[in-house]
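In what follows, a single structure is set out as structure tokens and then discussed.
The values are calculated or read from the model by the stated rules, or taken from the named source; none is laboratory data. What you see is a predicted model; the values in this text were computed from it and never measured. Glycine also receives a Cβ, built like all others from the backbone with ideal geometry; neighbour counts cover every protein chain displayed.
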Amino acid sequence: MIIVVHTTTANMDEAKSIANALVEKGFAACVNMHPITSVYKWKGNVEEEGEVELSIKTTSEMLEKVKKTINSMHSYELPALVWWPIDGEKKYAKWITECVKQ
């Protein structure tokens with residue numbers, strides 16, 4: 001199954017580092033990175049920070065490796081990690097599957 005894993009990082013350098021590791025290791029086919037502003041509650045306070053959002057295209061079989069890689073490289077105490085199955089163009093899904101090592 002094709003999935004998208006979502007996380008955020010503190011800056012573009014960290015995002016690029018995680019993205020490159022995931023793609024180079026064959027755990028993801030593609031990672032999109034977007035600068036965003038996040039408002040969130042942390043330790044009782046409302047925070048507003050600039051972050052970089054990552055959308056990681058991979059397969060459900062690679063999810064644990066993706067999560068382990070992100071957690072080992074991430075600077076946050078509690079990285080956001082959410083994922084969901086996606087459906088789309090069959091050729092694109094095939095490309096993702098071919099890029100990700102099984």
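Could we say that Thr8 is in contact with a strand residue (DSSP E or B) (Cβ under 6 Å, 6 or more places away or on another chain), in contact (Cβ under 8 Å) with a residue 24 or more places away in the chain and hydroxyl-bearing (Ser, Thr, Tyr) here? Here the answer is yes, as Thr8 does meet what is asked.
From the list Glu77, Glu53, Glu47, pick out the single residue that is farther than 26 Å from Lys101 by Cα and assigned to a strand (DSSP E or B). Result: Glu47 is the single residue among Glu77, Glu53, Glu47 that is farther than 26 Å from Lys101 by Cα and assigned to a strand (DSSP E or B). Scanning the range 80-102 for residues that are under 15 Å from Ala28 (Cβ atoms) and assigned to a helix (DSSP H, G or I) yields Tyr92, Ala93, Trp95, Ile96, Thr97, Glu98, Cys99. Among the residues that make up the range 32-48, is at least one of them buried (at least 19 other Cβ atoms within 10 Å of the Cβ) and at pLDDT 95 or above? No, the range 32-48 contains no residue that is buried (at least 19 other Cβ atoms within 10 Å of the Cβ) and at pLDDT 95 or above. Taking the criterion of being free of Cβ contacts under 8 Å to residues at least 12 places away in the same chain, assigned to a helix (DSSP H, G or I) and farther than 22 Å from Lys101 by Cβ, the only residue of the range 11-39 that qualifies is Asp13. Consider Lys25 carefully, then state whether it is of a type in the set (D, E, K, R) and surrounded by 12 or more Cβ atoms within 10 Å (Cβ to Cβ). When the stated conditions are applied, Lys25 passes them.
Restricting to the range 57-69, count the residues that are over 12 Å from Lys25 (Cβ atoms) and among the hydrophobic types (A, V, I, L, M, F, W, C). The number of residues fulfilling the criteria is 1. Quick check: is even one residue across the range 30-52 at positive phi and not polar (S, T, N, Q)? For the range 30-52, residues at positive phi and not polar (S, T, N, Q): present.
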